[in-house]
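Data block below; observations after.
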Amino acid sequence: MTTPLRNWAGNVEFRARKLHRPESVAELRALVAGSDRIRALGTGHSFNRIADTTGDLVSLAGLPPVLELDRAANTVTVSAALRYGDVVGELHQAGFALHNLGSLPHISVVGACATSTHGSGLGNGSLATAVAALELVTADGDLVTLRRDADGDDFLGAVVGLGALGVVTRITLDLVPAFEIAQYVYDDLPRDQLHAHAPEILGAGYSVSLFTDWTGPRINQVWLKRRVDAADGGAAEPHWFGATLAAEPRHPVPGMSAVHCTDQLGVPGPWHARLPHFKLEFTPSSGEELQSEYFVAREDLVGALTALDGIAERIAPVLQVSEIRTVAADELWLSPSYRRDSVGLHFTWVKETEAVLPVLAAIEERLAPFAPRPHWGKLFGVPPEQLRERYDRYADFAKLVRRYDPSGKFRNELLDRYFPTAG
């Protein structure tokens, strides 16, 4: 009996009739042209059925790897199967950096951008905001390139494209000069201090993450990542807004060893070795978790947290840890931060779907007054009619999908639900 193909977390068993692994773009184009339904499979780090299909799944891991640095344009072009961890070391050696990274360097560049995955920082857009161009195979097998400086609305609609317009083969990213980060962790930030000083706390570093287990009137940890070349890049204060500087490395999940986490205690290091929470050498293989995330306007953070306080006793028993991060506004149509400086309320759950789903429904009900936009690659149950109201270009994206994929070749259950063909 063939072992079922599952996502990283193991909560999704793919229903595809076959998994293909083409070894050239020409082979991929022929495969797409000849299939009636097909979806691309990245690193499998989504927690819902966004990558699933009842047709063909295609892995791009067999395509020749591409990493082309354009020093004149300050960009890098990478092939679809490459992970951030495969790219960042070479960029750093060449004197370049990406503006931000997610908490894991193990995710694919293309998949992260297609779902608007992000890091943190008041001035930092999602990872997708670095995209300058993308190359994709469309439904009839054509190879199409969309560029920020040439393709206007089509580009803005396609970057966070959910795999709905075609199979992305290469992506071009903007680069910035390489920089160093010093990372500090503070323990036990009082919630009343966060409520009174949220802008100062969230803006106290290049990237700031807050972790809580929802069991008391405090934020368990604040991960403060400061650029060494910034005005605030010096040594951290031992006490800060009522929190205490950690004297030993921390793991975000209470009780877990920090051995796999990026270096802390203010030791300077390259951007790519500090912006993620976890080291590339650590392979997140257990998958014993589920994830959800909801984005609200940054100014609504305190109101959203207060609303969730009312169900903290339901959240905590099925939670491993919750992370709070900021994301700058952008112009990408399906980005949860579209034209809205945002704060992401992230939840890493225990791997018990039946216990988690009712809590998600309660969270979505509590956050409804703040028009939350869920992360496209994580668990959520927001009804399509509500989500449609929260994106100004929602209907335009549906039209773009129909134009690029009139026969529905790249559609699946999730797309059919949220972007029906008659929508």
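Read-outs throughout are calculated quantities, based only on the coordinates presented, and are distinct from any laboratory measurement. Because the structure is a prediction, the values reported are computed rather than measured. FYI the Cβ positions are ideal-geometry reconstructions off the backbone, even for glycines, and counts take in every protein chain you see.
Observations
- Within the shell defined by Cβ-Cβ distances under 12 Å, the residues around Thr53 carry a net charge of +3, with Lys and Arg each +1 and Asp and Glu each -1.
- Straight Cα distances below 19 angstrom link Lys399 to the lysines Lys409, with same-chain residues fewer than 8 positions distant left out.
- Under Stokes-Einstein, with the Kirkwood radius over Cα pairs as Rh, the value for segment 180-384 at 20 °C and 1.002 mPa s is 122 µm²/s.
- A helix-only calculation puts the chain at -6500 deg cm²/dmol for mean residue ellipticity at 222 nm, using -39500 (n - 2.57) for each DSSP H run of at least four residues, averaged over all residues.
- Within straight-line cross-link reach of Lys351, aspartates and glutamates at Cα separation under 12 Å, skipping those fewer than 8 residues along the same chain: Glu288, Glu289
- Reachable lysines from Lys279, criterion Cα separation under 18 angstrom, eight or more residues apart if same chain: Lys225
- Note on segment 247-358: Rg/Rh from C-alpha atoms, Kirkwood Rh, equals 0.99.
- Ellipsoid equivalent to segment 39-198 - semi-axes via the Cα gyration tensor, in Å: 29, 20, 16
- Over all distinct Cα-Cα pairs of segment 189-232, the Kirkwood formula returns a hydrodynamic radius of 11.1 Å.
- Considering only Asn74, Asn11, Asn220, the mean-square fluctuation computed in a Gaussian network model of the chain, springs between alpha carbons under 10 angstrom, is largest for Asn74.
- Counted over the chain, the DSSP beta bridges are approximately 90% antiparallel.
- Distance cut-off 41 Å, percentage of C-alpha pairs in the chain lying past it: 12
- Averaging the Cα positions of each part gives two centres, and for segment 329-367 and segment 109-136 these lie 17 Å apart.
- Around Pro199: net Lys/Arg minus Asp/Glu count, Cβ-Cβ under 14 Å: -3
- Rg in Å to one decimal, and Dmax rounded to a whole Å, for segment 1-118 via C-alpha atoms: 15.7, 53
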